[in-house]
Amino acid sequence: MSETKSEKKKVKAPGLREVSGGLKAGKKAPKTPGVRKKPSKARESRGAMYDEKRIVIMTKLALYDKRHGVQDRKSNEFFRHDYIYKKNMWTRLCSALGAIGILAIYWANKLLVVKVDILEVDFRQEALNAGIFVIAVMAIYTLIGTASAARQYAKVQERLKAYFNMLAALDRIKPERKRSPEEASNLYYEGDFARKRSNSTLV
Amino acid sequence: MYKQFEGSLGFLIRFMIGVSIFTAISGIGKGLPVFDPFFKPPLELPILLLLGVLYVVLPRSLSFGVMIVDIGIQLSSHLEIAVIVCLFLMCILFFYARLAPKESILILAALAAYYLKIPYLVPLLAGLYMSITSLIPIAIGIFVWNFIPVVAQLMDTVPTAGLDFLNMPESFAILLPQVFRAIAANQNWVFHSFIFAMVLLVVYGISRMSIDYSKDIAVALGALLVILSFVIAQMLTGIEEDLAALSMFTVISAIIAEVVRFFDVVLDYSKAEKVEFEDENNYYFVKVVPKVIMSRRSKGNRKVREEEEEQESALN
């Protein structure tokens, strides 16, 4: 014999406690222990798609990679001393060439305009003066280059430190991942001694 | 739309700047007959385009080197002057432009601004956006601009030995004293450099103060200082300046500086970027648009802003 609708309504699912007197209008049903509230669709979709904090950190990391990453990693391959030495090598060479150019104009003026007799020139003294001038120019530009390269290297190290701090922060934020029922059931290997775990298949 | 095509637009803009620079250089003098086929049709346009591409592709120091070689070729009809000019420019490259490639662009900017009769724009913009050390490239640009007519005059008046290397010492002997005399006689560039330095310092100092509208006040005071300084310089030293034209072009420079500042603050296109990355689940296409810079007096988000600024400044 087929059941009527009113008879069907009376059948209750096992595990659910019936509240005496039924629910009054406007009141929420009391919480049953072991029953978890189903998350809303919006939260569920957000948790599945992305984590805002992770995106912000990953965006900042990507921006750094785009702007400075390649150059900073190349610079970081060197120790500070080697980096400064490499940068100063070209600075010294170019400043030496510039000093030689200035000496060329000085000597052109001396020989062609002032018309100093070339036989009366003390070559040793003039060579010494020229050498001192070139070395002085190289020394000044080495100091300038050292200060500039040291500042650049310090900035590179600062940026890399901030980058790795952000990577660590990213690692601490683990993404929420939906697990299949088989994975979830394999997670717990210990017995539920405190009887707090809910294994209800209805929830 | 600019951000969408940023890469290709940036290449195109730099290419056009390079072509403009080399077009300007190709008109400064007369080269040896050997080089004529390369700077006259039909090879003129391909050579200019190639030089424009080189300007984009090469690092700044090397592109300055290419400009120096081009200048030397353009002045090669008077070899002695070409040698002296190239030596001078190489000294600028070796002693300054190599160490500060970004700021050395102000040398070209100063020359372009002088050509367009708005040189007062350079210290205003340099004070707003660059550091105090941009005094040096501005002074170099002023010096070079003041000596372009001297070089042109020397090319017309001083005889050249041409390719006769045996007689070249004699023409050097005539040329060198005239060059040194011209440097000693022409003091205008010293006054201009001093005035522009003062304007740059004032604009730099005021624009970094913690007051509302600091940048607008800096531009206005900078423009006023330009006019006052030239008036005082004219009274004290007797340098000749058309004050009406000076005032008009200073006001135009201030307006242009304000327009540049307005677009920089409101739209901040230079800092908007697109980045792409992926994790194990998703691909991310993120457009990063920084917020408009707030007035420094607003207290509401100070702590949050300070933390974010520390983080951002470390990564930047």
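The values are calculated or read from the model by the stated rules, or taken from the named source; none is laboratory data. What you are looking at is a predicted structure, and each value in this text was computed from that prediction instead of being measured. Note that we place each Cβ from the backbone using ideal geometry, even for glycine, and neighbour counts take in every protein chain shown.
How many residues does the stretch B:92-108 hold that are assigned to a helix (DSSP H, G or I), within 12 Å of chain A (Cβ to nearest Cβ) and buried (at least 19 other Cβ atoms within 10 Å of the Cβ)?
5
If a residue must be within 12 Å of chain B (Cβ to nearest Cβ), in contact (Cβ under 8 Å) with a residue 60 or more places away in the chain and among the small types (G, A, S), how many such residues does the stretch A:146-156 contain?
Of the residues in the stretch A:146-156, 2 are within 12 Å of chain B (Cβ to nearest Cβ), in contact (Cβ under 8 Å) with a residue 60 or more places away in the chain and among the small types (G, A, S).
Let's see how each residue does on (1) modelled with pLDDT under 90; (2) within 15 Å of the chain's Cα centre (by Cα); (3) closer than 30 Å to A:G145 by Cβ:
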| position | (1), (2), (3) |
| --- | --- |
| A:R43 | yes, no, no |
| A:G47 | yes, no, no |
| A:I55 | yes, yes, no |
| A:K60 | yes, yes, no |
| A:V70 | yes, yes, yes |
| A:F79 | no, no, yes |
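So which of A:N129, A:N109 is modelled with pLDDT of 85 or more and within 14 Å of chain B (Cβ to nearest Cβ)?
Only one candidate qualifies: A:N109.
Can you tell which of A:K66, A:K161 is out of contact with any Ser or Thr (no Cβ under 6 Å at 6 or more places or on another chain), more than 30 Å from B:F88 (Cα to Cα), loosely packed, with under 13 Cβ neighbours inside 10 Å and facing chain B (nearest Cβ under 8 Å)?
A:K161
Counting only residues that are among the β-branched types (V, I, T) and within 10 Å of chain B (Cβ to nearest Cβ), which one in the stretch A:112-125 is surrounded by the most Cβ atoms within 10 Å (Cβ to Cβ)?
Checked the stretch A:112-125; the qualifying residue surrounded by the most Cβ atoms within 10 Å (Cβ to Cβ) is A:V113.
Kindly establish whether B:A126 is within 14 Å of chain A (Cβ to nearest Cβ) and crowded, with 16+ Cβ neighbours inside 10 Å.
Taking the combined requirement at face value, the residue does not satisfy it.
Within 14 Å of another protein chain (Cβ to nearest Cβ) and among the polar types (S, T, N, Q): does that describe B:S131?
yes
Any idea which of (1) free of Cβ contacts under 8 Å to residues at least 40 places away in the same chain; (2) more than 14 Å from every other protein chain (Cβ to nearest Cβ); (3) of a type in the set (D, E, K, R) is the one B:K117 doesn't satisfy?
Against the list (1) free of Cβ contacts under 8 Å to residues at least 40 places away in the same chain; (2) more than 14 Å from every other protein chain (Cβ to nearest Cβ); (3) of a type in the set (D, E, K, R), B:K117 comes up short only on (1).
For the stretch B:12-63, how many residues meet the condition of being farther than 20 Å from B:V151 by Cα, in a helix (DSSP H, G or I) and in contact with a helix residue (DSSP H, G or I) (Cβ under 8 Å, 6 or more places away or on another chain)?
Selection size over the stretch B:12-63: 22.
If B:S77 passes every condition in (1) among the polar types (S, T, N, Q); (2) assigned to a helix (DSSP H, G or I); (3) surrounded by 14 or more Cβ atoms within 10 Å (Cβ to Cβ) but one, which one does it miss?
Of the numbered conditions (1) among the polar types (S, T, N, Q); (2) assigned to a helix (DSSP H, G or I); (3) surrounded by 14 or more Cβ atoms within 10 Å (Cβ to Cβ), the odd one out for B:S77 is (2).
In the stretch A:103-138, which residues are closer than 22 Å to B:P169 by Cα and in contact (Cβ under 8 Å) with a residue 24 or more places away in the chain?
A:L103, A:A130
Being within 14 Å of chain A (Cβ to nearest Cβ), crowded, with 19+ Cβ neighbours inside 10 Å and either within 17 Å of the chain's Cα centre (by Cα) or assigned to a helix (DSSP H, G or I) (or both): is that true of B:L111 here?
Answer is no for this residue.
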